[in-house]
Amino acid sequence: MGRYIIKRFLMMLMTIFIIATLTFFLMHAVPGSPLETERTTNEAIQANLEKFYKLDQPLYVQYFDYMKSLATFDFGPSIKDPNRTVNELLERGFPISFELGIITIIIAVLSGVLLGILAALRHNKLLDYGAMAFAVIGISIPNFVMATLLIQQLAVTWNIFPPATWKSPMHMVLPVLALATGPMAIIARLTRSSMLEVLTQDYIKMARAKGIKPVRIVFRHALRNAMMPVVTIMGTLLAGILTGTFVIEKIFAIPGMGKYFVDSINNRDYPVIMGTTVFYSAFLIFMLFLVDIVYGILDPRIKLHKKEGDV
Amino acid sequence: MTRPLADELTRTRLEDGAESDPFAHDAKRGKIAKPKRKRTVTDEKILEVQDLHVTFRTYGGTVQAVRGVTFDLFKGETLAIVGESGCGKSVTSNAIMGLIQQPPGKITSKGVRFKSKDLTKLSKKEMRKIQGVDISMIFQDPMTALNPTLTIGEQLTEGVKQHKNLSGAEAKKRAVEMLDLVGIPNPEERLKQYPHQFSGGMRQRIVIAIALICEPELLIADEPTTALDVTIQAQILDLFEEIQAKTGVSIILITHDLGVVAKIADRIAVMYAGKVVETGTKREIFYTANHPYTRGLLNSVPRLDLKEEELVPIDGTPPDLFSPPAGCPFAPRCPFAMEVCARVYPEPTHLSATQKVDCWLQDERAKKLIQDGAFAH
């Protein structure tokens, strides 16, 4: 296990290095610069600024400088907002984005799995049809449309929840709902179909022949086997939720990382683009690693490491 | 079925391998010494199935899978239910076990009495107190019958924990005993392992251990050796005999393998198209079978004592159970079929205290045919 983790960790570092390199050169290939504004600036001042941010140096020098500071987890200062470093932006934004993302994942997984189980147990009955109709709607509506609809109905018309910002649990309801509906619907459909398949397996029949209580059959015998496909797509869903947070944070004016990420691209704020991209990638890669670990825990047949003598 | 003579009611059999069954010697190969053991079959009826019907509603119509099955099972006895695929033998066992989902399935009967309790009248909750406790089931394919994500220890102990309220330690002790009984070495360590760490034969032993852990009185084995290779088959059958000698459990053995039947059955029920067409003791079925279908089955099995003879398959296919025929379902394939066969299903004829056959050839008006020697073998 230890060897597996070390191997995976080195691969993760490699991936992040490649992402950072690609982002760096792509970012500089995009026309424009952080110092370009609508107002015309004095050429001398422009040159001075470029010198200050080392933008006048050849690209490869800038690249090596950046990689060096990245290795020490120093993401540098923001060019647009000179009073703050990128590290400060991340420290401030990440906890909020993380909170939004984690609550969304928990809600999506719990309700999706529960809905899937109920639909499977009531196969071809009203509850099944209802849940699946709901799921199709959930998959079809993009999260930004969902967000607008929720704000219009629940915040503006009925005035139940606050329409924006991130202060109390009440503020969290709408953004989490908007972000969680899609993944929840996907998980529900997947859980249902894999649960239906698992419930016809011989070992479930055998558990019933043993007189085991239905609750235990569903949760102990069936669910764990039925969760395998769900865990498999968790990686994709996580990436989806992560990019979803950019949009949702923008719509609900949530001061998370997503806001800085989007703004930085518009402003060509090189250090912030690099910092947020590398951070997001590192986070996603780590989550995918966790998914693989969970995979091995769920199914004892999957071995993450090879022991001697194993076939 | 009745057994009138008192000395037949309680008989003690000594099996020492000296029996002259036509199939016995091939089932015995691969085994060095057969231990002598005593088994006791009593006159106490443990299971009475009367006129059991099972139908399934499907998109294509209603399948009449089981169409009036009647049989008894005595304590300590092994009854083999024999028949080809789709004849309703597994559905019969699932119906007894309470594993038919209703709907789409539908069970009607004049009673499936287990120790005078009608199983078809029990609620699901009451049935759960019998499933795995009084009646256990062994499944065909040990590769799929065990849950791949649970340790075999958990799969062994969950039954006793729930039904007998044993503590974890007691249940574990019991599980170790059971693994010992079915011949799995190092049971303590093996409890922590998962099914994929065992071979097919080992897994079937575990399935048997799970079935026996609550000390059931009736064991239904649904093709328990079909998925195993021949040497392992013989071992598992020996295990069944050993367990029956030790615990006195009654066994219903569902199979299409007459070699298996020859080895361990006391009585045989032959099923065809959802009906039991002939029942009798092993000896009666193998030597004086009277139903043309039973004879056909026996003729289609290779025999070592008749080397030159070619196998005789039964021509044709079983009837469509969506619309089963009014008369004898075997009539279209039967070389001796008469006009009446296709129209009316025959009443059972009792040939002996233990042998019963549903066939028009037993009618006195048809006897001439048999005397002509057309049915001799």
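The values are calculated or read from the model by the stated rules, or taken from the named source; none is laboratory data. Note that the coordinates shown come from a computational prediction; the quantities given were computed from them, not determined experimentally. Note that each Cβ is placed from the backbone with ideal geometry, even for glycine, and that neighbours are counted across all protein chains shown.
A:Val294 satisfies every condition listed in (1) crowded, with 17+ Cβ neighbours inside 10 Å; (2) within 14 Å of another protein chain (Cβ to nearest Cβ); (3) in contact (Cβ under 8 Å) with a residue 40 or more places away in the chain except (1). Among residues of region B:137-152 being touching a strand residue (DSSP E or B) at 6+ places or on another chain (Cβ under 9 Å) and more than 7 Å from chain A (Cβ to nearest Cβ), the one that is surrounded by the fewest Cβ atoms within 10 Å (Cβ to Cβ) is B:Gln140. Among the criteria (1) within 14 Å of chain B (Cβ to nearest Cβ); (2) among the β-branched types (Val, Ile, Thr); (3) touching a Pro at 6+ places or on another chain (Cβ under 8 Å), the one A:Val231 does not fulfil is (3). When residues in region B:46-55 are screened for being surrounded by fewer than 19 Cβ atoms within 10 Å (Cβ to Cβ) and within 19 Å of B:Leu99 (Cβ to Cβ), 1 of them pass.
Which of the residues belonging to region A:110-140 are within 19 Å of A:Leu100 (Cβ to Cβ) and either among the hydrophobic types (A, V, I, L, M, F, W, C) or touching a Ser or Thr at 6+ places or on another chain (Cβ under 6 Å) (or both)? Once the filter is applied, which keeps residues that are within 19 Å of A:Leu100 (Cβ to Cβ) and either among the hydrophobic types (A, V, I, L, M, F, W, C) or touching a Ser or Thr at 6+ places or on another chain (Cβ under 6 Å) (or both), region A:110-140 yields A:Leu110, A:Gly138.
Does B:Leu181 meet the test of being touching a residue at least 12 places away in the same chain (Cβ under 8 Å) and within 25 Å of A:Ile297 (Cα to Cα)?
no
Looking across region B:79-89, the residues that are out of contact with any His (no Cβ under 9 Å at 6 or more places or on another chain) and outside any loop (DSSP other than H, G, I, E, B) come down to B:Leu79, B:Ala80, B:Ile81. Among the residues of region A:141-165, just one is hydrophobic (A, V, I, L, M, F, W, C) and modelled with pLDDT under 85, namely A:Ala164.
Residue-level check: of (1) under 18 Å from B:Val249 (Cα atoms); (2) surrounded by fewer than 19 Cβ atoms within 10 Å (Cβ to Cβ); (3) within 14 Å of chain A (Cβ to nearest Cβ), B:Val160 misses just (2). Take the conditions (1) in a helix (DSSP H, G or I); (2) assigned by TED's automatic domain parsing to the domain that holds B:His53; (3) modelled with pLDDT under 85; B:Asp238 misses just one of them, which is (3). When you scan region A:139-147, do you find a residue that is in contact with a helix residue (DSSP H, G or I) (Cβ under 7 Å, 6 or more places away or on another chain), within 14 Å of chain B (Cβ to nearest Cβ) and outside any loop (DSSP other than H, G, I, E, B), even just one? Among the residues of region A:139-147, not one is in contact with a helix residue (DSSP H, G or I) (Cβ under 7 Å, 6 or more places away or on another chain), within 14 Å of chain B (Cβ to nearest Cβ) and outside any loop (DSSP other than H, G, I, E, B), which makes the answer no. Whether a residue is touching a residue at least 12 places away in the same chain (Cβ under 8 Å) and within 30 Å of B:Thr58 (Cβ to Cβ) was assessed, and B:Cys328 passes this test. Tallying residues that are farther than 18 Å from B:Ile135 by Cα, crowded, with 17+ Cβ neighbours inside 10 Å and within 14 Å of chain A (Cβ to nearest Cβ) within region B:67-115 yields 1.
So which residues in region A:162-202 are in a helix (DSSP H, G or I) and β-branched (Val, Ile, Thr), if there are any at all?
A:Val173, A:Val176, A:Thr181, A:Ile186, A:Ile187, A:Thr191, A:Val198
Just one of (1) surrounded by 22 or more Cβ atoms within 10 Å (Cβ to Cβ); (2) at pLDDT below 85; (3) at positive phi fails for B:Val41. It is (3).
For residues that are within 26 Å of B:Val91 (Cβ to Cβ) and out of contact with any strand residue (DSSP E or B) (no Cβ under 9 Å at 6 or more places or on another chain), scanning just region A:203-215, find the one that is nearest to the other protein chains (Cβ to nearest Cβ). Checked region A:203-215; the qualifying residue nearest to the other protein chains (Cβ to nearest Cβ) is A:Tyr203. Remark: B:Glu170 matches the filter, which requires a residue to be assigned to a helix (DSSP H, G or I), in contact with a Lys or Arg (Cβ under 9 Å, 6 or more places away or on another chain) and surrounded by fewer than 19 Cβ atoms within 10 Å (Cβ to Cβ). Taken over region B:319-347, residues that are crowded, with 16+ Cβ neighbours inside 10 Å and either part of a loop (DSSP other than H, G, I, E, B) or under 23 Å from the mean Cα position of the chain (by Cα) (or both) amount to 14. Here A:Phe252 meets the list (1) among the hydrophobic types (A, V, I, L, M, F, W, C); (2) in contact with a Leu (Cβ under 6 Å, 6 or more places away or on another chain); (3) within 30 Å of A:Val156 (Cβ to Cβ) almost entirely, failing just condition (2). Condition check for A:Asn159 on (1) in a helix (DSSP H, G or I); (2) on the phi > 0 side of the Ramachandran plot: one failure, at (1).
Within region B:241-257, take every residue that is over 23 Å from B:Gln162 (Cα atoms) and touching an Asp or Glu at 6+ places or on another chain (Cβ under 7 Å) and give me the one that is modelled with the lowest pLDDT.
Restricting to residues being over 23 Å from B:Gln162 (Cα atoms) and touching an Asp or Glu at 6+ places or on another chain (Cβ under 7 Å), the top hit is B:His256.
Is it the case, given these coordinates, that B:Ala171 is touching a residue at least 60 places away in the same chain (Cβ under 8 Å) and under 21 Å from A:Ala209 (Cβ atoms)? Considered against the rule, which asks whether it is touching a residue at least 60 places away in the same chain (Cβ under 8 Å) and under 21 Å from A:Ala209 (Cβ atoms), B:Ala171 comes out as no. Just one of the listed residues (A:Leu196, A:Leu238, A:Leu177) is modelled with pLDDT of 90 or more, out of contact with any Gly (no Cβ under 7 Å at 6 or more places or on another chain) and more than 14 Å from chain B (Cβ to nearest Cβ), namely A:Leu177.
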